[in-house]
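The values are calculated or read from the model by the stated rules, or taken from the named source; none is laboratory data. Because the structure is predicted, anything quoted here is derived from the model rather than measured. Backbone-built Cβ (ideal geometry, glycine too); neighbour counts: all protein chains shown.
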Amino acid sequence: MNTDQRNPGTDNIAGRGQASGDSRPMGIGQAFREIRNGIVVMWWGFFDWVAVVSWKALLLVSFLGLILVGGIFKLPTFTSLVIVSAFIIKVVAGGKRRAERAADEATKRAETEQLERTVLEARMEALQAQIEPHFLFNTLGSIDQLIQTDPPRASRMQQSLIRYLRSAMPQMRDGSRPTLGQQVNLCSAFLEIMGMRMEGRLQPVLIVPEGLKSAIFPSMMLQTLVENAIKHGLEPKPEGGKLEIAAEIADGRLAVHVSDTGVGFMPKGEAGVGLANIRERLKVLYNGRAELIITVLPAGGTCATITVPYQVAPATPPA
Amino acid sequence: MQPQPAPTAVVADDERLMRDQIISRLKDAWPELVIVGEAGNGREAVAMVQGLEPDIVFLDISMPEMNGIDAARALAGRVHVVFVTAHDEYAISAFEHGAVDYLLKPSEPERVALTCQRLRERLSQKPDPMSGLLAQLSQRLGAGGVKPREYLRWVQASVGAAIRMIPTGEILFFRAEDKYTRVQTQRFEALIRKPIKELIDELDPDEFWQIHRSTVVRVDAIEQVSRNLRGNQVVHVKGSDEKLEVSRSFNHLFKQM
């Protein structure tokens, strides 16, 4: 109604003279449309209610309706028509409608859960992806020294550092699901750097079949295991030792091992933050279908194994 | 007047490149200083200083065998110490107010020159015993000194032929069985030789409770406590069907709030 009164004014301002005559029939049309929309909404509301309400409640409401509307307003035919159609709707559409609504709700809940999982995983991944300042400063120091004494090696080390930083910084990753190949690549950059710094005290060995590099494997977990093996296994040992990364398929699952010949695992102390993070992330990502196992090697040293369901990353289309 | 003997130093760092760097910086800043030895770990550094008796030792803080702080403690009062570190926030704040100097890796030539300047002035004096600083450092870095009590965070147990490290957070309960103690997790069970009596001393009392002579349960794994037909309390654990009886002497653990 408001629009009708205001229309002439606004038309004048806009300078559209011809509109003032049309405004009344347009308003009636609009009102009809609104009433129709209202009826449609009411009808679907009624429909939903009938479909979901229990038979007992429906019978009670019908009975009351028959007395009130049919008796007091003297509209028994209309009321019984409504009641009969309500019963037909209930019989025909009840189950389906209810199932649809339950499915809708379940989907919404699943979407929220999925979103929560994604957020949680992103947060924990960021935590895991933190680059150790110690590592960065010591590496920069080594490069600085090599620039004076052995520039080609300095350049190689710097390139490894760039390769490492590119894949280790979360904001530098491209968002696609990480593959084992990418993770091994990141670790090999790290091992090249540590190998140059620790010299003979670190002997890295990589046994990862080419065919497994396309398998999906969570980011930064392998890196944490490798860092642990160096920091807690090999660095505390004056003569150092071997660090081996190996991957295999066992019982349809992908198992990735990081083993070292270092000083062995300390059952006390707080060395386990990175490992606890891996465990939590595996739980969130795979819901109990993945695990991290730490074993003590008979010859001394430690082996950490991450087992995840074997999935191959979809081939990336050429950019 | 007698000519002063040339000052001498030992440099200790587990990475050769870092030793090389400090040595080349020192050469520029203090050409008269003679580097008489290089050590790859704390123990070597201590032996070298005791054998060669240099005026100065440059000690990396994180080294295998013995860290820089423990090495400094062993050498306190014998030699002038300069600590070298890449990034130890706690250590740096401890040095800021101390009488002992430090260098950051990678080191800037101007900073090394300043350290050399200070060392030249200090050489005529007796080396600082560093007692206050070392105590502070060990406390902050958790090295040596009085440590807070450490509890088991991992249990080493045999699963089949392998020896596994099981994080205590995954263990539901321990139960004494004949000669062994059974370690139960949600996924598997493992055996250890350590009896419950010894185990309980090593476990964090906030994490694990003994509820029976032969049973220790992880508190967070407890789902509910009920009573069985004989009126005894029984603990139900998340992820296991086994019901664990609480003996009378441990009833107080589950008193009504």
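What to note about this one:
- Segments classed as strands (runs of 3 or more DSSP E), wholly inside the range B:214-257, with at least 3 members that are surrounded by 14 or more Cβ atoms within 10 Å (Cβ to Cβ): B:215-218, B:233-237
- Members of the range B:185-213 that are among the β-branched types (V, I, T), buried (at least 16 other Cβ atoms within 10 Å of the Cβ) and not in a strand (DSSP E or B): B:I196
- Scan the range B:147-184 for residues that are away from chain A (no Cβ under 14 Å), in contact with a strand residue (DSSP E or B) (Cβ under 6 Å, 6 or more places away or on another chain) and in contact (Cβ under 8 Å) with a residue 12 or more places away in the chain and the total you get is 7.
- Some residue of the range A:77-85 being in a helix (DSSP H, G or I), at pLDDT below 80, under 30 Å from A:R279 (Cβ atoms) and in contact with a helix residue (DSSP H, G or I) (Cβ under 8 Å, 6 or more places away or on another chain): no
Residue-by-condition table, conditions (1) within 14 Å of another protein chain (Cβ to nearest Cβ); (2) touching a Ser or Thr at 6+ places or on another chain (Cβ under 9 Å); (3) basic (K, R):
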position	(1), (2), (3)
A:T118	no, no, no
A:R123	no, no, yes
A:I131	yes, no, no
A:N138	yes, no, no
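- Any hit, the range A:224-232, residues being in a loop (DSSP other than H, G, I, E, B) and basic (K, R): no
- Which numbered condition A:R163 fails, given (1) more than 30 Å from A:L60 (Cβ to Cβ); (2) touching a residue at least 40 places away in the same chain (Cβ under 8 Å): (2)
- The listed residue being hydrophobic (A, V, I, L, M, F, W, C) and out of contact with any helix residue (DSSP H, G or I) (no Cβ under 6 Å at 6 or more places or on another chain), out of A:A290, A:A276: A:A276
- Residue within the range A:151-165 that is modelled with pLDDT of 90 or more, hydrophobic (A, V, I, L, M, F, W, C), assigned by TED's automatic domain parsing to the domain that holds A:I245 and under 20 Å from A:I278 (Cα atoms) present: no
- Candidates in the range A:30-76 are the residues that are of a type in the set (S, T, N, Q) and part of a helix (DSSP H, G or I); of these, the one that is surrounded by the most Cβ atoms within 10 Å (Cβ to Cβ) is A:S62.
- When A:G195, A:G200, A:G211 are screened for being in a helix (DSSP H, G or I) and in contact with a Leu (Cβ under 7 Å, 6 or more places away or on another chain), only A:G195 passes.
- Complete set of residues in the range A:116-133 that are within 8 Å of the chain's Cα centre (by Cα) and of a type in the set (D, E, K, R): A:E116, A:R117, A:E121
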